[in-house]
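Participant: Below: one structure in structure tokens.
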Amino acid sequence: MDLINKAIEQNMHVTQNKKLRGQTWQAFERAAYGKDLWIFGASKAAGLFWERYPASFCLRGIVDNDKRKWGGVLKDYVGIAEGSADGELRIEGPEVLNAVQAEKAVILIASIRYYEDICGQLEQLGLENLYVLLIMEANESRKEEVSCQKEGVCKEEAYALACIKYPVEYNKVLVYIGSYGSHGNRISRKLSEIAPELDIVWVVESPVKEKPPGIRTVFAGNWKEYIKELETAHIWIYGDMIPGYAKKRPEQIYIQTKHWSSITLKKFYWDLENYLAIPTIRELYAHNNEAMDYIFVGSSFDEKSCRSGFNFEGECIYVGSCRTDILFETGIKEKVCSFYQICPNKKIALYAPTFRSAGNGAVMGQMRPVDLDFIRLEQALKERFGGEWVIFLRIHPYVAMESVKVQKPPFVTDVSDYPESQELVAAADLTITDYSSLMFEPAFIGRPVFLYAPDKKEYVGQERELLFDYDALPFQICESNDEVAKAILAFDSKAYKNRVKEFLNFYGVHEDGLASERAAKFIVEHLLGHS
């Protein structure tokens, strides 16, 4: 629930829409009485509605813009009490609202990031009775602040405290998959191979189609079930932050894997002053720092940056980049091509730009307009490398929903909804990004990487501070479409591989595809005491 709490705090400070700012749950109750209620957004935030009103109102349906959720069951995304009929509702696309009579309906918007866009979307349909859950929660938080201070705990923390009465299950490993669980994904797969007797629990944000036999899943939105699994697990594996309400006992072990590879470009966490200025975020970082036992790293540079970024003085375990192991496997391109019904003989260029700050000290991000000239890019790729090319567009998970706004020629495939970014990296013959640390991973196996950074002057040093000189990267930096085309046409494979090798050697990065095995063996042999 920490992302929700961050979003609530952000809404308390930066929401500019005067029509939305004053909304309250009391006003919502009056407006929804006797009317049809629709919920827009099958997110974890929606669970806050059922906590307040477990069996009230005439709920007609739930809709979401994310087509990946269409047809799914609501309880898979939102924490709803067992036995509730609402949990069996199927999520529908927004077109179902075309038939809604505006005067008879109220829409509760439960999106974490896109509520203002959704308001505009619904107003175009003539729907005006719109209420934003996060804003109402933010306004409620103001009222409850004094009460919470008196009681000292929030509801999640109170439940976590209740759960620590249960004994720690020493064979249980909890892995937070979420949006950044790729290291944990690979580690737990190897764990299930070498120690099949382990009870491995994945915390997921949406249904998982592929997981090893025996691994259980719990939905992050189902917060009570999640907290109980968390508080009874012996080992926690996170690539992001543990929740602020988590109560770690001395016999529990917290392993931080971070969500990048053995080298990263941008400063993070304790090295970001603008994030530290937000009290809830600073508290979350401090809570994690106190609980963290180990960090899995892949290089001396990685250790140095992690000690600074996590403010960590504990033990760093050198295992490598677990999520990168997939680059050394075979058959991944065929798998991805089959998913998108693309001929595997075609070559793939992956374009994966990162998100930008939304400004005003906001935690949430936004997508920079995609102005890469896909047509010119395809022509340059064909001329330099030959063959037929497909371009994969991968928008950052924070803002992936915005990919629908991008105009795409027929040879461009939107892969923003693909569940595992590392499989896309493994499938691609060439990668283009801007400031994403994903840039290093194709280079580990010698594949071409180009940087398209038209806003370099605005981004570098202003939006984000970097850990080293951007211009010292071993990749061709392009600030225009002209430069992208010229860089591809002039690409020298031998010179590129020499630059990459020299760069990675300098920072002590050496990947071999065995990082997950090393990580799993460390857990089994040193933490679980299995021989």
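The values are calculated or read from the model by the stated rules, or taken from the named source; none is laboratory data. In this text, all values refer to a predicted model and were calculated from it rather than measured experimentally. Cβ placement follows ideal geometry from the backbone for every residue including glycine, while neighbour counts extend to all protein chains displayed. The accessibility values were calculated without ligands, DNA or RNA, using every heavy atom of the protein model including side chains. Shrake-Rupley method; radii C 1.70, N 1.55, O 1.52, S 1.80 Å.
Participant: Which whole-Hz couplings ³J(HN,Hα) result when phi for each residue of the stretch 345-354 is put into the Karplus expression 6.51 cos²θ - 1.76 cosθ + 1.60, θ = phi - 60°, listed in order with x for Gly and Pro?
Facilitator: Calculated HN-Hα couplings, in order: 6, 6, 8, 10, 10, 9, 10, 10, x, 8 Hz.
Participant: For the stretch 14-102, rounded, prolate or oblate, judged on the Cα gyration tensor with a ≥ b ≥ c (square roots of eigenvalues), a/c < 1.5 rounded, else prolate if a/b > b/c?
Facilitator: Note, shape of the stretch 14-102 comes out rounded.
Participant: Just need the Rg to Rh number for the stretch 220-343, please, alpha carbons only, Kirkwood Rh.
Facilitator: Here the Rg-to-Rh quotient is 1.04.
Participant: By the gyration tensor of its Cα atoms, with a ≥ b ≥ c the square roots of the eigenvalues, what is the shape of the stretch 368-441: rounded for a/c under 1.5, prolate for a/b over b/c, or oblate?
Facilitator: The shape class here is oblate.
Participant: Gly61's amide H: which non-local residues (gap 5+, or another chain) put their own amide H closer than 5 Å, with H modeled 1.01 Å from N in plane and none for Pro or chain starts?
Facilitator: Residues meeting the amide H criterion: Ile39.
Participant: Carbon and sulfur: what percent of the chain's accessible surface (1.4 Å probe)?
Facilitator: In the chain, the share of accessible area belonging to carbon and sulfur is 48 percent.
Participant: For the stretch 93-145, with only Lys/Arg (+1) and Asp/Glu (-1) charged at the beta-carbon, what is the dipole magnitude about the Cα centre, in debye rounded to 20?
Facilitator: Dipole about the Cα centre, nearest 20: 60 debye.
Participant: Given H placed 1.01 Å from N in the peptide plane, which residues other than close sequence neighbours of Asp414 have an amide H under 5 Å from its amide H?
Facilitator: Placed amide hydrogens put Leu393 under 5 Å from Asp414.
Participant: Turning to a different aspect of this structure: Could you work out [θ]222 nm for the chain from helices alone, using -39500 (n - 2.57) per DSSP H run of at least four and dividing by all its residues? Round to the nearest 500 deg cm²/dmol.
Facilitator: Calculated from helices alone, the mean residue ellipticity at 222 nm is -10000 deg cm²/dmol.
Participant: Can you tell which of Val412, Ile200, Tyr496 lies farthest toward the positive end of the dipole of the chain, using +1 and -1 charges on the Cβ of basic and acidic side chains (Lys, Arg; Asp, Glu)?
Facilitator: My answer, from the dipole projection, is Val412.
Participant: With the other protein chains left in place, how much accessible area per residue, in square angstrom, belongs to the chain at a 1.4 angstrom probe?
Facilitator: On a per-residue basis, 44 Å².
Participant: Computed from these coordinates, which is Rg and Dmax of the Cα atoms in Å: (1) 24.6, 78; (2) 25.1, 95; (3) 23.6, 71?
Facilitator: Step by step, Rg and Dmax of the Cα atoms in Å for this structure corresponds to label (3).
Participant: Further, regarding this structure: How big is D for the stretch 286-357, in µm² s⁻¹ as a whole number, if Stokes-Einstein is applied with the Kirkwood radius of its Cα pairs at 4 °C and 1.567 mPa s?
Facilitator: Rounded, D is 83 µm²/s.
Participant: Another question, then. What is the dipole size for the stretch 370-489, taken about its Cα centre, with +1 at each Lys and Arg Cβ and -1 at each Asp and Glu Cβ, in debye to the nearest 20?
Facilitator: Computed about the Cα centre, the dipole is about 240 debye.
Participant: Please report the net charge: other residues with Cβ closer than 14 Å to the Cβ of Thr232, K and R +1, D and E -1.
Facilitator: So the environment of Thr232 carries a net charge of +2.
Participant: Considering only the other residues whose Cβ falls under 14 Å of the Cβ of Gly461, what net charge follows from Lys and Arg at +1 and Asp and Glu at -1?
Facilitator: Residues close to Gly461 contribute a combined charge of -3.
Participant: Quick one: dipole size for the chain, taken about the Cα centre, charges +1 on Lys/Arg Cβ and -1 on Asp/Glu Cβ, in debye to the nearest 20.
Facilitator: 320 debye
Participant: Which one, Ile395, Ile242, Gly184, is farthest towards the positive end of the dipole of the chain when Lys and Arg carry +1 and Asp and Glu -1 on their Cβ?
Facilitator: Ile395
Participant: Can you give the local net charge around Gly446? Use residues other than it whose beta-carbon is closer than 12 angstrom to its beta-carbon, Lys and Arg +1, Asp and Glu -1.
Facilitator: Result for the local shell: +2.
Participant: Also: Which residue, chosen from Phe468, Ala485, Tyr254, occupies the Cα position most advanced towards the positive end of the dipole of the chain, where the dipole is computed from +1 (Lys, Arg) and -1 (Asp, Glu) charges on Cβ about the Cα centre?
Facilitator: Of the candidates, Ala485 comes out farthest on the positive side.
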